[in-house]
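Here is the structure we will look at.
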Amino acid sequence: MGVMLLADRVLAALACQLGQPTGFAGRVVGRLLNRGNRSAVIAAVESADVADRDAIVADIGFGGGVGLEVLLRSVGPTGSVHGVEMSATMLAEAAHRFAHDISIGRLYLHEARMERLPFADASLDAIVSTNTIYFVEYLAAALREVVRVLGPTGRLVLGVGDPGQMSTMPFTRHGFRLRPIEEIIALLREAGFASVDDRRIGNGPGAFHVLVCNISGEHPSCRGT
Ligand SMILES: C[S@@+](CC[C@H](N)C(=O)[O-])C[C@H]1O[C@@H](n2cnc3c(N)ncnc32)[C@H](O)[C@@H]1O
């Protein structure tokens, strides 16, 4: 096998693992994701504005679980966190790592996808999802599902790598959907978000995008201001 072909296969396998971490390699990828994405995930959770609130929040596509960890630290004492994943490996890792939070009813894990969420209408206050939508084929439908489960004052925080920056990473050629940010914002508005604020994390044109999306202008932190 040629060196180029081998390199291509390795990149394709890495892309697959990033899209759905599986088995031993998936566990390694989960840990690398936690390390590499920590600052972006922290910025996304901060933008969810759930600190010390008795909020019900979800992390969709939590991967290695750094978002769950930060959300659990962030929400108030009677708040709760839901982790949604389609990877059985990541679910098992989180079940082990967060066993205490699960046992006291602060964390619930769900095997599900963004396209079909296991929540009742208007049952969540906030949703965070970072580095997930590259793997969502029908984003418009998935975003409508997100709107369905958020309450009227709900907020979605979508963390997305800059498509220009992402396209320089060779593994993204293998199945990643690198949509222009303007296209994502248009889909968010069509899905029902009244406002979308594109906050950038990092410097330069390749800085990470934290899209802060409110269903209405009535987000709790905006009231009375
Ligand atoms: C690149 S990882 C990102 C993990 C973490 N959010 C982070 O930023 O480090 C993408 C994760 O999203 C999950 N995922 C992919 N498509 C999904 C979907 N349609 N619904 C829910 N999770 C999904 C994958 O299983 C994977 O764990």
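No value in this document is a laboratory result; all are computed from the given coordinates. Treat the numbers as computed from the prediction; the structure is a model and nothing was measured. Reconstructed Cβ throughout: ideal geometry from the backbone, glycine too, with neighbour counts over all protein chains shown.
Based on alpha-carbon centroids, what's the gap between the range 10-33 and the range 116-136 in Å, whole number please?
Their Cα centres are 22 Å away from one another.
I want the local charge near Leu32. Using Cβ-Cβ distances under 14 Å, sum +1 for each Lys or Arg and -1 for each Asp or Glu among the other residues.
Numbers: positive: Arg27, Arg31, Arg35, Arg38; negative: Glu93.
It works out to a net charge of +3.
What ranking of Ile184, Ile201, Ile127 emerges when the number of other C-beta atoms within 10 Å of each C-beta is taken as an exposure proxy, fewest first?
Numbers: Ile184 21, Ile201 16, Ile127 26.
The most exposed by this proxy come first: Ile201, Ile184, Ile127.
At 7 Å along Cα-to-Cβ for each site, give me the label-to-label distance between Asp8 and Thr22 in nm.
The answer from the label model is 2.1 nm.
State the dimensionless ratio Rg/Rh of the range 137-223 (Rg: radius of gyration of Cα atoms; Rh: Kirkwood radius).
1.01
From the square roots a ≥ b ≥ c of the eigenvalues of the alpha-carbon gyration tensor of the range 11-53, which class results: rounded (a/c under 1.5), prolate (a/b over b/c), or oblate?
prolate
If exposed means no more than 13 neighbouring beta carbons inside 10 Å and the site is in a DSSP loop, what's the longest run of the chain without any exposed GluC sites (Glu not before Pro)? Don't jump to the answer; show the numbers that get you there.
Details: sites that count: Glu137, Glu218.
Here the longest segment lacking exposed loop sites spans 1-136.
Classify the range 73-156 as rounded, prolate or oblate from the Cα gyration tensor: take a ≥ b ≥ c as the square roots of its eigenvalues, call it rounded if a/c is under 1.5, otherwise prolate when a/b beats b/c and oblate if not.
oblate
In sequence order, what are the phi-derived ³J(HN,Hα) couplings for the range 95-106 according to the Karplus relation 6.51 cos²θ - 1.76 cosθ + 1.60 with θ = phi - 60°, rounded to whole Hz, with x for glycine and proline?
Taking θ as phi minus 60°, the curve returns 4, 6, 5, 10, 4, 5, 4, 5, 5, 9, x, 9 Hz for the range 95-106.
Please identify the trypsin sites (Lys or Arg not before Pro) of the range 111-194 that satisfy two criteria: DSSP loop assignment and at most 10 other Cβ atoms within 10 Å. Which are they?
Filter output for the range 111-194: empty list.
For a test of the definition: using alpha carbon positions, the gyration tensor, and the 1.5 limit on a/c, classify the range 3-222 as rounded, prolate or oblate.
oblate
Rounded to the nearest 5, what % of the DSSP beta bridges within the range 3-222 are antiparallel ones?
Numbers: 14 of 33 bridges.
Percent antiparallel among DSSP bridges in the range 3-222 is about 40.
So, in Å, what gap is there between the alpha-carbon centers of the range 76-94 and the range 48-66?
9 Å
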